[in-house]
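Worksheet: one structure, shown below.
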Amino acid sequence: MKEFLEGFKRSHYCGDLNSTHIGQEVRVMGWVQRRRDHGGLIFIDLRDREGIVQLALDPERDPEAHSVAENVRNEFVMAAQGIVSPRPEGTINSNMKTGEVEIEINQLFILNKAKTTPFMIDDFADIAENLRLKYRYLDLRRPAIQKNILLRHQVTQAVRDYLNGQNFLDIETPILTKSTPEGARDYLVPSRVHPGAFYALPQSPQIFKQLLMVAGFDRYYQIVRCFRDEDLRADRQPEFTQIDCELSFVSQNDVMAIMEGLISHIFLQILGIAIEPPFRRMSFDEAMDRYGVDNPDVRFDLELINLSEIVKDAGFKVFGDVVKKGGQVKSINAKGCASFSRKEIDDLTEFVKIYGAKGLAWVKVTENNGWQSPIEKFFKPEELDSINKKLGAEPGDLLFFVADNIKIANEALGHLRVHLANKLDLLNSSNFSFVWITDFPLLEWDEEAKRYTAIHHPFTAPKDEDIPIMDSEPEKARAKAYDLVLNGSEIGGGSIRIHDQETQSLMFKLLNISPEEADEKFGFLLQALEYGAPPHGGIAFGLDRLVMLLTGSESIRDVISFPKTQKASCLLSSAPNTVADEQLQELSIRLTPRGKPLL
RNA sequence: GGGGCUGUAGUAGAGUUUGGUUACAACGCCGGCCUGUCACGCCGGAGGUCGCGGGUUCGAGUCCCGUCAGCCCCGCCA
């Protein structure tokens with residue numbers, strides 16, 4: 001076969017041929033999408049990564065090639081030579097990119113046969129995902145998935161083009177690195193040379209990229225794999241790819257502006273969509289207040305309205321009591337949804353319970369702005385009027401209320417808002433709405449650990465004006481941190497980092513990390529900060545999520561070549577698997593009986 | 001750790017509510033026919049441990065218990 005390919009070279013991709021090639025002799029190679037045998041004439045649709053072209057085999061024109069074609073089956077690998085010809089009148093296929101032409105074949109070779117595939121290689125069938133993942137190399141042949149992977153390549157190219165043009169340097173950082181207990185659970189790799197010691201796979205190159213700033217590289221980027229040993233979701237894999245950036249001598253606005261340039265460049269290059277910077281900006285507090293979440297989908301309204309003040313002293317004791325205990329009553333006006341059935345409303349009630357809400361109160365607004373509702377009788381007419389007014393309620397509207405602590409009320413209605421938008425078909429996946437979320441709190445109280453933890457990470461700088469209150473009112477201190485949210489997905493997040501040793505030490509103190517512990521865990525970073533660390537900051541974008549949104553995919557798995565299942569296994573290779581006793585011995589590892597905790 | 005959905009020829013489904021003779025049609029596959037099709041067409045054929053294990057019953061794809069796998073979500077995770 002090697003000798004054959006020495007002499008027989010491909011001239012074009014199948015999918016690239018069109019009427020400009022008419023009259024040329026071309027050579028194509030690819031997989032048989034389908035063979036249509038008319039007894040005499042045989043058509044073969046040959047597919048490669050660029051598309052499909054029709055091969056026409058006429059027994060009179062070339063009996064030898066025609067007889068080869070008689071034995072061809074789906075997914076055979078073929079090499080073909082012939083003349084690109086216009087299709088006869090009336091046989092042009094406008095559904096195909098190459099539909100105006102066909103190749104009149106004069107030489108046809110079978111490069112390899114193929115067994116009947118477990119599923120058809122096309123975009124019509126809806127294949128069970130475990131089967132797709134087991135035969136991922138066949139799944140990846142399907143045009144829709146292949147398109148995603150090709151687009152992913154185009155995105156990384158666009159990223160490199162832009163960042164290279166902005167003087168960023170692509171620098172690699174270690175994959176075998178040190179466990180840092182803050183943040184997600186680490187994937188650990190046992191060391192053979194150091195029995196009992198472990199490397200950790202990086203959750204992000206965070207500390208190393210900061211060290212690159214100390215080293216003076218000034219602008220760094222890396223398209224880099226990161227690892228987090230946490231449970232999976234439709235948009236979460238245990239290994240994922242970040243577009244990781246860090247810059248020296250910049251403010252928060254500098255970072256955001258440069259990254260708006262990057263995102264605009266990507267969208268223009270990939271989708272031809274112009275997105276004009278600056279992007280919309282919104283504080284964390286505003287996002288929580290109006291949308292209930294820190295990753296608001298701003299493609300639609302259905303905003304959350306706080307009714308706490310109105311209902312605090314109103315007739316409905318259940319609402320009033322919640323407010324008096326420090327909770328909130330928030331609501332959504334679903335315009336024109338009064339036609340929802342009892343069943344539909346019950347389903348929505350079940351939906352908010354997922355987020356801890358005890359219930360979902362509702363009101364159907366009737367003619368003359370009256371209420372049809374189980375809670376109607378508890379409100380005086382003037383209370384009812386002021387709620388209607390606050391919500392802009394009109395006849396035909398459906399109002400929802402959640403009364404609970406602030407966290408649950410926000411979360412339940414924030415998710416209900418998106419759920420309703422889906423139900424009402426308000427979401428358009430080809431509409432891209434960006435918003436920066438800024439002014440995050442620096443810290444968050446961890447009830448379980450009885451201490452503060454960093455919302456972003458322990459190296460995030462506080463806002464200058466909040467440094468004085470870090471000690472006295474730590475929960476009120478805000479961070480120089482920012483997330484970029486696209487259509488309700490957090491696609492990137494970053495911060496200005498702490499670059500002086502004193503602030504970093506204060507931060508560790510607030511996090512209840514002792515100097516000894518800090519030294520043991522992050523000593524190398526703290527030392528580096530003492531040798532002339534420049535002010536710096538950066539950001540990381542989730543490449544997988546970005547490509548998912550660019551392709552309109554519903555799962556992150558559809559934009560990753562070899563993804564893992566929800567239980568983090570690879571159905572193709574059967575990873576993870578057990579290993580030989582000898583391997584364990586070399587690593588000084590002894591296993592406990594399966595599933596039993598170590599005593 | 002928890003909640004929900006799904007599992008029937010190679011594939012995607014119907015059948016499960018109300019247990020009853022040989023589990024149904026489509027696509028694919030195999031054979032035959034067909035010279036302008038393009039998710040070609042026509043004729044014929046093969047193909048099943050109803051995820052797995054146990055139970056109830058005269059009898060289980062169908063009911064019960066357990067278990068495995070995949071998916072969605074909560075917790076967890078930037």
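The values are calculated or read from the model by the stated rules, or taken from the named source; none is laboratory data. Treat the numbers as computed from the prediction; the structure is a model and nothing was measured. All Cβ positions, even for glycine, are placed from backbone atoms using ideal geometry, and neighbour counts span all protein chains on display. Note: accessible area is taken over every heavy atom of the protein model, side chains too, but ligands, DNA and RNA are not part of it. Shrake-Rupley method; radii C 1.70, N 1.55, O 1.52, S 1.80 Å.
Among A:454, A:575, A:354, which residue has its Cα furthest toward the positive end of the charge dipole of chain A, with +1 on Lys/Arg Cβ and -1 on Asp/Glu Cβ?
Final value for the positive-end residue is A:575.
Which entries of A:390/A:463; A:377/A:423; A:358/A:389; A:380/A:476; A:134/A:358 show an alpha-carbon separation above 32 angstrom in the structure shown?
Where the Cα-Cα span goes over 32 Å, the pairs concerned are A:390/A:463; A:380/A:476; A:134/A:358.
Under a 1.4 angstrom probe, counting protein chains only, how are A:417, A:61, A:141 ranked by accessible area, largest first?
Order by accessible area, largest first: A:61, A:141, A:417.
Once the dipole of segment A:1-144 is set up with Lys and Arg at +1 and Asp and Glu at -1 on Cβ about the Cα centre, which of A:120, A:96, A:13 lies farthest towards its positive end?
A:120
Projecting each Cα onto the charge dipole of chain A (Lys/Arg +1, Asp/Glu -1 at the beta carbon, about the Cα centre), which of A:287, A:234, A:540 comes out farthest on the positive side?
Selected residue: A:234.
Short version: ³J(HN,Hα) in whole Hz for each residue of segment A:541-551, in order, from phi by Karplus 6.51 cos²θ - 1.76 cosθ + 1.60 (θ = phi - 60°), x for Gly and Pro, what are they?
9, x, 4, 4, 5, 4, 5, 4, 6, 5, 8
For a quick check of your reading of the filter: which chymotrypsin sites (Phe, Trp or Tyr not before Pro) in segment A:204-285 sit in a DSSP loop and have no more than 16 other Cβ atoms within 10 Å?
For chymotrypsin sites (Phe, Trp or Tyr not before Pro) across segment A:204-285 that sit outside H, G, I, E and B with at most 16 neighbouring Cβ atoms in 10 Å, the list reads A:217, A:249.
Is there a quick way to get the dipole size of chain A? I mean about its Cα centre, with the Cβ of Lys and Arg at +1 and of Asp and Glu at -1; what is the value in debye to the nearest 20?
Taking the Cα centre of chain A as origin, the dipole is about 1320 debye.
Starting from the Cα gyration tensor of segment A:1-47, multiply each eigenvalue by 5, take the square root, and state the resulting semi-axes largest first in whole Å.
Whole-Å semi-axes of the equivalent ellipsoid: 21, 17, 11.
Could you give the length gained on full extension between residue A:473 and residue A:268, defined as 0.36 nm per residue of separation minus the Cα-Cα distance, in nm?
69.4 nm
What net charge do the residues around residue A:10 carry, taking every other residue with its C-beta under 10 Å from that of residue A:10, with Lys and Arg at +1 and Asp and Glu at -1?
Cβ neighbours under 10 Å give a net charge of +1.
Rounded to the nearest Å, what's the spacing between the alpha carbon centres of segment A:37-55 and segment A:409-424? Just the number, please.
49
Mind running the shape call on segment A:247-349? Use the C-alpha gyration tensor, a ≥ b ≥ c as the square roots of the eigenvalues: rounded below 1.5 for a/c, prolate if a/b tops b/c, oblate otherwise.
oblate
Tell me, what is a quarter of the convex hull surface for the C-alpha atoms of chain A, in nm² with one decimal?
That works out to 37.5 nm².
So how far, in whole Å, is the C-alpha centre of segment A:126-191 from the one of segment A:496-513?
About 32 Å separates the Cα centre of segment A:126-191 from the one of segment A:496-513.
Is the shape of segment A:292-346 best called rounded, prolate or oblate, per the rule: a/c under 1.5 gives rounded, else a/b larger than b/c gives prolate, else oblate, with a ≥ b ≥ c the square roots of the Cα gyration tensor eigenvalues?
Taking the square roots of the gyration eigenvalues as a ≥ b ≥ c, segment A:292-346 is oblate.
Report, in debye and to the nearest 20, how large the dipole of segment A:328-442 comes out about its Cα centre when Lys and Arg carry +1 and Asp and Glu carry -1 on their Cβ.
For this selection, approximately 160 debye.
Cut-off 17 Å, label point 7 angstrom out along Cα-to-Cβ of residue A:171: give me the residues of segment A:193-214 whose amide nitrogen falls inside.
A:204-214
From the helices alone, meaning DSSP H stretches of at least four residues, give me the mean residue ellipticity at 222 nm for chain A, per-run term -39500 (n - 2.57), in deg cm²/dmol to the nearest 500.
-9000 deg cm²/dmol
Quick check on segment A:298-391: take the gyration tensor over C-alpha atoms, sort the square-rooted eigenvalues as a ≥ b ≥ c, and tell me if it's rounded (a/c under 1.5), prolate or oblate.
rounded
Expressed as a rounded percentage, what relative contact order does segment A:190-284 have, with Cα pairs under 8 Å and six or more residues apart?
RCO, segment A:190-284: 19 percent.
Count the net charge of all other residues whose Cβ sits under 12 Å from the Cβ of residue A:345, scoring Lys and Arg as +1 and Asp and Glu as -1.
Residues close to residue A:345 contribute a combined charge of 0.
Using a basic spin-label model with each label point 7 Å from the Cα along Cα→Cβ, how many nm lie between residue A:179 and residue A:321?
Label at residue A:179, label at residue A:321, 4.7 nm between them.
How big is the gap, in Å, between the Cα center of segment A:277-353 and the Cα center of segment A:532-565?
30
Report, in cubic angstrom per residue, the convex hull volume of the C-alpha atoms of segment A:136-231.
Per-residue hull volume (Cα only) is 151 Å³.
Please list the non-local residues whose amide H lies under 5 Å from the amide H of residue A:492, H modeled 1.01 Å from N, same-chain partners needing a gap of 5 or more.
Placed amide hydrogens put A:484, A:542 under 5 Å from residue A:492.
Run through segment A:422-496 and list the GluC sites (Glu not before Pro) located in a DSSP loop whose Cβ has at most 11 other Cβ atoms within 10 Å.
A:447, A:448
Please give the net charge around residue A:203, taking every other residue with its beta carbon less than 14 angstrom from that of residue A:203, where Lys and Arg add +1 and Asp and Glu add -1.
+1
Give the aspartates and glutamates reachable from residue A:147 as a straight Cα distance under 14 Å; neighbours fewer than 8 places away on the same chain don't count.
A:48, A:50, A:122, A:123, A:139, A:558
Using 0.36 nm times the number of residues separating residue A:590 and residue A:64, minus their current alpha carbon distance, what extension gain do you get?
Residue separation times 0.36 nm, minus the Cα-Cα distance, leaves 182.9 nm.
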